[in-house]
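Structure first, then comments.
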Amino acid sequence: MIKARPKIVDLGETEPNTRRGGDLRAMLTPATVGSTSGFMGVALVQPGDRIGEHYHPYSEEFVYVVCGELEVDLDGEAHPLRPEQGLMIPAYMRHRFRNVGEVEARLVFHLGPLAPRPQLGHVDTEGTAEEAVRVVAGAGEPVPADAAEARS
């Protein structure tokens, strides 16, 4: 068995992902550091912006608010999120984040365990301001219409 090596990844080394709203940066992933149990990233959400509703069929999501004033909808119910608060979102729970404050919000997220394939790990249930809703039926459950984009 090959021993994993520690690796430091700077936020500036990660590509912005704005397809779902906000700026999602997947930092510590199987592709970037060889992780096997989950992945970690940072979301940067500008005032008035949001991260569109979605769920994770294989993973729990752990969120820590670094700064900013957010509101999170959990299965349609709104909850305030403030700096220095953590949130655990169970698998299959629909959720979306909105920046309701006047400054950029930053949150750290971790998902685990990993889905069997990256494209199965994230299911969009609504579009963002830039895209329409793209969910199709498949195998009795909603799946992303464009599985190649469903990586976070």
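The values are calculated or read from the model by the stated rules, or taken from the named source; none is laboratory data. All of these numbers come straight from a predicted model, not from anything done at the bench. Neighbour counts run over all protein chains shown; Cβ positions are idealised from the backbone, glycine included. Side chains are part of the model used for accessible areas, which takes the heavy atoms of the whole protein and leaves out ligands, DNA and RNA. Shrake-Rupley method; radii C 1.70, N 1.55, O 1.52, S 1.80 Å.
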Matching residues, the stretch 1-20, being in contact (Cβ under 8 Å) with a residue 40 or more places away in the chain and not in a loop (DSSP other than H, G, I, E, B): 17
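Taking the options 119, 85, name whichever one is open to solvent by 50 Å² or more (accessible area, probe 1.4 Å), closer than 23 Å to residue 15 by Cβ, without any contact (Cβ under 8 Å) to a residue 60 or more places away in the chain and of a type outside the set (A, V, I, L, M). Reasoning before the result, please.
Numbers: 85 fails: closer than 23 Å to residue 15 by Cβ.
So the residue among 119, 85 that is open to solvent by 50 Å² or more (accessible area, probe 1.4 Å), closer than 23 Å to residue 15 by Cβ, without any contact (Cβ under 8 Å) to a residue 60 or more places away in the chain and of a type outside the set (A, V, I, L, M) is 119.
Across the stretch 66-85, what is the number of residues that are under 16 Å from the mean Cα position of the chain (by Cα) and assigned to a strand (DSSP E or B)?
The initial filter retains those residues of the stretch 66-85 that are under 16 Å from the mean Cα position of the chain (by Cα), namely 66, 70-75, 81.
Now restrict to residues that are assigned to a strand (DSSP E or B): 66, 70-74, 81.
Matching residues across the stretch 66-85 total 7.
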Lone unmet requirement of (1) more than 25 Å from residue 6 (Cα to Cα); (2) in contact with a strand residue (DSSP E or B) (Cβ under 8 Å, 6 or more places away or on another chain); (3) exposed (fewer than 13 other Cβ atoms within 10 Å of the Cβ) for residue 37: (1)
Residues (farther than 20 Å from residue 27 by Cβ and either out of contact with any Asp or Glu (no Cβ under 8 Å at 6 or more places or on another chain) or modelled with pLDDT under 95 (or both)) located in the stretch 84-101: 84, 85, 92
The one condition in (1) loosely packed, with under 14 Cβ neighbours inside 10 Å; (2) within 18 Å of residue 112 (Cβ to Cβ) that residue 60 fails to fulfil: (1)
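So which residues in the stretch 101-116 are part of a loop (DSSP other than H, G, I, E, B) and open to solvent by 70 Å² or more (accessible area, probe 1.4 Å)? Step through it out loud before you land on a result.
Filtering the stretch 101-116 for residues part of a loop (DSSP other than H, G, I, E, B) gives 101-104, 113-116.
102, 103, 113, 116 - these are the residues of the stretch 101-116 that are part of a loop (DSSP other than H, G, I, E, B) and open to solvent by 70 Å² or more (accessible area, probe 1.4 Å).
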Residues (acidic (Asp, Glu) and within 9 Å of the chain's Cα centre (by Cα)) located in the stretch 31-65: 61
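For the stretch 21-60, enumerate the residues that are in a helix (DSSP H, G or I) and in contact with a Lys or Arg (Cβ under 9 Å, 6 or more places away or on another chain). Break it down into steps so the answer makes sense when it comes.
Pass one, the stretch 21-60, residues in a helix (DSSP H, G or I): 30-33.
Listed by number, the residues that qualify are 32, 33.
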Test result for residue 96, open to solvent by less than 50 Å² (accessible area, probe 1.4 Å) and not in a loop (DSSP other than H, G, I, E, B): yes
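Being at negative phi, crowded, with 20+ Cβ neighbours inside 10 Å, at pLDDT 95 or above and touching a Ser or Thr at 6+ places or on another chain (Cβ under 8 Å) is the requirement here; does residue 50 meet it? Reasoning before the result, please.
Numbers: at negative phi: yes; crowded, with 20+ Cβ neighbours inside 10 Å: yes; at pLDDT 95 or above: yes; touching a Ser or Thr at 6+ places or on another chain (Cβ under 8 Å): yes.
So residue 50 passes the test.
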Matching residues, the stretch 79-111, being out of contact with any Pro (no Cβ under 9 Å at 6 or more places or on another chain) and polar (S, T, N, Q): 85
